[in-house]
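The values are calculated or read from the model by the stated rules, or taken from the named source; none is laboratory data. All figures in this text were calculated on a predicted structure; none of them were measured in a lab. Cβ placement follows ideal geometry from the backbone for every residue including glycine, while neighbour counts extend to all protein chains displayed.
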Amino acid sequence: MNHTGVREVEAVVIGAGQAGLSAAYHLRRTGFAPGRDFVVLDHSPGPGGAWQFRWPTLTYGKVHGMHALPGMELTDAYPARPSAEVIGAYFARYERAFGLRVRRPVDVRAVREGYDGRLLVETSEGVWAARALINATGTWERPFRPRYPGQETFRGRQPHTAQYRGPEEFAGRRVVVVGGGASGTQHLLEIAPYAAATTWVTRRPPVFREGPFDEEAGRAAVALVEERVRRGLPPRSVVSVTGLPLNDAIRQGLADGVLHRQPMFGRITPDGVAWRDGRHVAADVILWATGFRPALDHLAPLRLREPGGGIRLEGTRVAADPRVHLVGYGPSASTIGANRAGRAAVRDVRRLLVADGQPAAA
C-alpha cells in the first residue's frame, strides 16, 4: 500500500484548549517529542482555545473556576482585564515554555481507519497516521439553537451567545434572552441597562446555589455527568447540574426584576414570541444563550456513537475504540477536569503503545 505524503506519529492531539494543552504537556513530560512523536493540531487562529473568542466585557474577575494548566502558574490575571486577553496570553506563554509546537490554523476534516492499526487524520494540511488520538475539540464550534414554530418568520435578529460582543449593540432594543445558564444570566444583566426592555425565558426554572461550592459538591456534580457518559448518552455540562452561584450581581438582578424568569414560549411570531396561553411579548432581538454541543463530526467515520446518541467512555478512553480518547468532554469539560483528563489520557496512551509492542517514550 502506498503511504506517500502521510506523516506517521505515535499520537495526534486535536485541539489546543485547556484539555489539549494538558495532554500535550503530559506527552512531552513522559518523553514524547513534539513534532516527531506527537503533533498538536488546532483549528483556531491563535492560542487561547475558545477563550480567545469571548466577549470583551467578560473580564477575568467574572470567570467562574479557571484553573492553571499543569506545570505553570497563571499570572497577570487582573480582575478588570478581558478574560480573552488573560487566557490567550497565558496559553501562548505555555506553548512556548514547553515547546509544544502547535500547528494552526488546521482544519481536521475526518478521522478514519488506516493501515497497520493506525488512524488516519485527514486535515487541511495533509494526513497524519497515528496509533492513538486524543480529541480535545470542545464545543465552541457547535453552538446549539433549538427550533421553534415560526422561527423563520421573525423579522428581527437571532444571534447566539457565540456571536455576543457586548451590550452596546442591544441599545434601545426589545430583547428576549433564551437560556438559564451562566452566559444567559451574564448577558441579561449586561444588556438590561442598555435595552428598551428585556425578557428572560428558560425551559426549566433556574436553580440558584447559595454558599461555597466545595470539593464534595463538585465531585457529586461530575459524577452525575459521568454516569450519562458511561451509559453512552449525550453528556450534560457540569454547570447544568451545579446550579447558578447566587453572587451579588445575581441578587441585584433578582431584586431589580431583571432576572424574572418566564417559561418557554410556544412559538415565534414576526415581531416577538408567544405563549400557548395567548400572551405575547414584542421583540427586536432573540438572543439564544442555549449552549453548545461537542464538536465531534470529524470522528463520524469511526462510528463511535452508541444507540443512545452519545459516545460511551471508560475514563477518557472510548469504549468502542481504545485508540481514541475524548478529553474536555462530558465530566472533564471543566478546566480542572480537563487537566486531569489530559494526564489520564496520556497514561492510557502509553499503556496502549506498550501493549501493541511499540516503544513508549521513556
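Residues that are polar (S, T, N, Q) and either crowded, with 17+ Cβ neighbours inside 10 Å or not assigned by TED's automatic domain parsing to the domain that holds S22 (or both) within region 53-93 comprise T59, S83, listed in sequence order.
Check whether at least one residue in region 166-178 is part of a loop (DSSP other than H, G, I, E, B), free of Cβ contacts under 8 Å to residues at least 24 places away in the same chain and under 26 Å from the mean Cα position of the chain (by Cα), and report yes or no. No, there is no match, as no residue in region 166-178 is part of a loop (DSSP other than H, G, I, E, B), free of Cβ contacts under 8 Å to residues at least 24 places away in the same chain and under 26 Å from the mean Cα position of the chain (by Cα). Candidates in region 191-208 are the residues that are farther than 20 Å from R267 by Cβ and within 23 Å of the chain's Cα centre (by Cα); of these, the one that is surrounded by the fewest Cβ atoms within 10 Å (Cβ to Cβ) is V207. Does L259 satisfy the condition of being touching a Leu at 6+ places or on another chain (Cβ under 9 Å), outside the structural domain of L41 (by TED's automatic domain parsing) and modelled with pLDDT of 95 or more? Criteria met by L259. For region 93-105, the criterion of a residue being of a type in the set (S, T, Y) and under 19 Å from R343 (Cα atoms) is satisfied by at least one position. Look at (1) touching a Lys or Arg at 6+ places or on another chain (Cβ under 9 Å); (2) touching a residue at least 24 places away in the same chain (Cβ under 8 Å); (3) among the charged types (D, E, K, R); (4) within 28 Å of P322 (Cα to Cα) and you find that R157 fails only one, number (4).
As a summary of the residue check, T137 satisfies the conditions (1) in contact with a Lys or Arg (Cβ under 7 Å, 6 or more places away or on another chain); (2) crowded, with 18+ Cβ neighbours inside 10 Å; (3) among the hydroxyl-bearing types (S, T, Y) except for the one numbered (1). No other residue among G309, G337 is assigned to a loop (DSSP other than H, G, I, E, B) and either touching a helix residue (DSSP H, G or I) at 6+ places or on another chain (Cβ under 7 Å) or closer than 24 Å to R147 by Cα (or both) apart from G309. Taken over region 1-36, the residue count meeting the criterion of being of a type in the set (D, E, K, R) and either farther than 15 Å from V121 by Cβ or surrounded by 21 or more Cβ atoms within 10 Å (Cβ to Cβ) (or both) is 4. If I go through region 92-149 residue by residue, how many of them are under 30 Å from T202 (Cα atoms), in a loop (DSSP other than H, G, I, E, B) and under 21 Å from the mean Cα position of the chain (by Cα)? The number of residues fulfilling the criteria is 10. Given the criteria of a type outside the set (D, E) and within 15 Å of the chain's Cα centre (by Cα), does G49 qualify? Yes; evaluated as a whole, the condition is true for this residue. Going by the structure shown, is D356 acidic (D, E) and at pLDDT below 90? Yes; evaluated as a whole, the condition is true for this residue.
Please determine, by comparing only the residues of region 330-339 that are within 12 Å of E226 (Cβ to Cβ) and touching a Ser or Thr at 6+ places or on another chain (Cβ under 8 Å), which one is surrounded by the most Cβ atoms within 10 Å (Cβ to Cβ). Once the filter is applied, the top-ranked residue is S332. The single condition among (1) at pLDDT below 95; (2) crowded, with 17+ Cβ neighbours inside 10 Å that P159 does not satisfy is (1).
If the condition is being part of a loop (DSSP other than H, G, I, E, B), touching a strand residue (DSSP E or B) at 6+ places or on another chain (Cβ under 9 Å) and over 14 Å from I268 (Cα atoms), then region 150-165 contributes P159, Y164.
Listed here are the residues, each with its yes/no results for (1) at pLDDT below 90; (2) more than 30 Å from I311 (Cβ to Cβ).
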| site | (1), (2) |
| --- | --- |
| I191 | no, yes |
| T198 | no, yes |
| P205 | no, yes |
| F208 | yes, yes |
| L233 | yes, no |
| V238 | yes, no |
| V241 | yes, no |
| L244 | yes, no |
| I250 | no, yes |
